[in-house]
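These notes concern the structure reproduced below.
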Amino acid sequence: SATLVWFRRDLRAFDHAALHHALQAGGPVYCAFVFDAPILAGLPRDDRRVAFIHASLVELAAELAQLNGHLLVRHGDAREVIPALAAELDAGTVFVNEDYDPAAIARDEAVAAALAAAGRSLQAYKDQVILAKSEVLSQAGKPLTVFTPYKNAWLKKLNLDPALAAPLHVEPHAAAFAPGRSTLPSLAQLGFAEVDLAAVGVTPGMTGGAAAFEAFVPKLAPYGTARDFPAVQGTSQLSLHLRFGTVSIRHLVRTVRELAERGQAGDGGAVWLAELVWREFYQQILFHFPYVVQSAFKPVYDRIEWETGAEADALFAAWCEGRTGYPLVDAAMLQLNRTGFMHNRLRMVTASFLVKDLGIDWRRGEAYFALKLNDYELASNNGGWQWAASSGCDAQPFFRIFNPVTQSQKFDPDGAFIKAFLPQLARLSAQEIHAPWLLAPGRTPGYPAPVVLHDVARQRTLARYAVVKK
Ligand code: FAD
């Protein structure tokens with residue numbers, strides 16, 4: 001009987017678990033994507049991610065047409081749209097790739113129940129990670145909450161079974177696609193604005209993902225050192241493509257391993273692979289400990305009293321808008337606001353600054369990143385914030401407090417990154433730019449004085465965190 005493949009965060013027509021299995025099951029195979037109204041309702045009209053998804057769907061529909069399939073794009077509550085569409089197409093099974101976000105799990109359970117009530121079924125496959133849920137556990141069968149043992153166990157599993165990264169082909173089974181015409185509402189019909197993604201350096205779709213990876217391959221060998229400097233394009237910029245599945249994790253992992261075997265990945269290959277493992281580490285943390293969405297992974301950290309009230313709100317606004325008076329923090333926040341991307345080093349620096357210099361609850365910063373980051377991923381964002389706040393699994397100890405000036409001197413030594421976002425500091429020398437409040441008055445017109453003094457804030461933070469020791 002007919003089947004329906006429901007695309008969500010897997011916007012590609014190659015190496016795709018759900019598509020592969022649906023096509024192998026026979027056919028005819030229909031394909032659909034739902035702009036989920038409850039999710040869209042909470043987003044600004046010029047959301048870059050909606051524009052990215054839309055453009056990626058245009059490409060996906062074209063690619064499916066090449067394979068004699070088509071894509072039906074709908075707008076509504078997926079919990080109603082998918083069961084209705086399955087009925088309309090008389091599809092006995094709906095194939096999906098698993099999503100480990102608690103909200104997605106709840107949605108999928110609701111869809112599965114509605115389908116079951118009509119004698120249909122939802123079949124889910126692992127696709128967006130190499131190892132999911134409980135596939136990597138300790139000897140005692142428990143989830144691993146420290147990264148290094150998790151990584152070692154992850155690598156061991158893949159070494160023993162390299163087929164975990166083998167492609168799940170689509171094209172050889174394309175005869176099973178149901179022919180037809182794709183339907184795709186415009187962004188305007190969805191109530192969203194066009195966004196110039198090229199202006200922020202983003203190319204959507206499978207072509208964008210492939211181009212980003214191709215550009216990164218020569219940078220793999222020096223990645224271990226280059227990745228820490230925001231002024232250098234030393235990282236892959238693949239997070240957005242991993243988020244929406246316009247690249248295949250299996251393809252990335254396979255390619256890195258092949259390059260390493262041929263001696264072409266240098267030291268950087270293993271370091272980059274470890275970053276991909278961090279992604280899976282946080283996904284399984286979220287899966288096993290879904291309470292981290294609201295609470296500290298280490299419960300004692302929820303005893304901390306954060307700053308609240310008008311003064312805290314004003315400091316939070318200064319942080320959001322890049323007006324803290326700390327150039328590296330401000331340039332990073334401007335990068336986030338203007339492009340939707342922020343370099344990993346700067347995510348650590350700005351998160352630490354909010355929590356440990358301003359004393360503001362990590363959840364507020366996490367929510368701001370969730371709104372702004374193109375690559376926003378609940379598991380990684382929550383993991384990153386709880387790492388910075390020291391409340392997470394395998395987080396940095398609470399008494400380790402980034403010094404925003406030292407971080408700036410170390411990772412943007414000549415101020416090139418800062419100057420790209422703060423032209424009012426363009427004339428300052430490499431020595432001057434990291435702490436402009438030390439300069440003679442009038443040197444930095446239009447740039448604010450620091451909202452807090454780091455040394456004072458540091459003492460306050462150590463006192464604030466003392467409750468975790470009791
Ligand atoms: P690369 O350095 O090329 O790394 C390759 C891939 O590995 C990334 O695309 C990403 O998928 C994964 N990765 C790298 N570092 C991490 C990490 N620390 N944790 C989990 N996965 C990682 N990443 C997100 O994808 N979405 C988020 O919402 C997110 N929020 C973060 C919030 C904070 C406070 C911090 C400290 C980190 C956050 N990260 C998040 C992780 C990391 O900063 C980004 O994945 C990375 O900067 C993306 O750039 P890239 O693709 O060039 O990375």
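Looking at the chain, the DSSP beta bridges with both ends there are about 5 percent antiparallel. Projecting the Cα atoms of G245, A440, A140 onto the charge dipole of the chain, computed from C-beta unit charges around the Cα centre, puts A440 farthest toward the positive end.
Going by neighbour counts of Cβ atoms within 10 Å, the residues W278, W6 line up, fewest first, as W278, W6. Under 5 Å between amide hydrogens, built in the peptide plane, is the criterion, and for Q123 it picks out V94, F95, V96 among residues at least 5 positions away or on other chains.
Using alpha-carbon pairs under 8 Å, 6+ residues apart, how would you state the relative contact order of the range 2-126 in percent? Could the numbers behind the result be given before it?
Details: 177 pairs, mean separation 42.9, N = 125.
Relative contact order of the range 2-126: 34 percent.
Inverting the pair-averaged 1/r between distinct Cα atoms of the range 196-311 gives 16.6 Å as its Kirkwood hydrodynamic radius.
Which entries in K298/K356; K298/K469; K151/K469; K151/K219 show an alpha-carbon gap greater than 21 Å?
Beyond 21 Å between Cα atoms: K151/K469; K151/K219.
Counting other Cβ atoms within 10 Å of each Cβ, which trypsin sites (Lys or Arg not before Pro) in the range 178-266 have at most 16 and sit in a DSSP loop? Each step should come with its number before you reach the end.
Details: sites: R181, K219, R227, R243, R250, R254, R257, R262; in loops: R181, R227, R262.
Those satisfying the criteria are R181, R262.
The dipole here belongs to the chain: it is taken about the Cα centre, uses +1 on the Cβ of Lys and Arg and -1 on the Cβ of Asp and Glu, and is about 1100 debye. Among the chymotrypsin sites (Phe, Trp or Tyr not before Pro) within the range 323-429, those in coil by DSSP and having at most 15 neighbouring Cβ atoms inside 10 Å are F399.
List the equivalent ellipsoid semi-axes of the chain in whole Å, largest first, each obtained as the square root of 5λ for an eigenvalue λ of the Cα gyration tensor. Show your work: numbers first, answer last.
Details: eigenvalues 327, 115, 108 Å².
Result for the chain: semi-axes of 40, 24, 23 Å.
Across the range 2-126, the fraction of Cα-Cα pairs farther apart than 25 Å, rounded to a whole number, is 18%.
Take Y30, Y223 and order them by how many other Cβ atoms sit within 10 Å, fewest up front. Mind dumping the intermediate values first?
Working: Y30 25, Y223 22.
Listing Y30, Y223 from fewest to most nearby Cβ atoms yields Y223, Y30.
Counting other beta carbons within 10 Å of each residue's own, what order do H288, H16 fall into, fewest first? Mind dumping the intermediate values first?
Details: H288 16, H16 26.
Going from least to most buried by this count: H288, H16.
About the centre of its Cα atoms, the range 30-108 shows a dipole size close to 200 debye [charges on the beta carbon of Lys, Arg (+1) and Asp, Glu (-1) only; nearest 20 debye]. Projecting the Cα atoms of H169, P230, A193 onto the dipole axis of the chain, where Lys and Arg carry +1 and Asp and Glu carry -1 at the beta carbon, places P230 farthest toward the positive end. Dividing the convex hull volume of the alpha carbon atoms of the range 299-469 by its residue count gives 109 Å³ per residue.
We did not get these values from a lab; they are worked out from the coordinates using the rules stated. The model shown is predicted, which means the values in this text are computed figures rather than measured ones. Please note: Cβ atoms are built from the backbone with ideal geometry, for glycine as well, and neighbour counts cover all protein chains shown.
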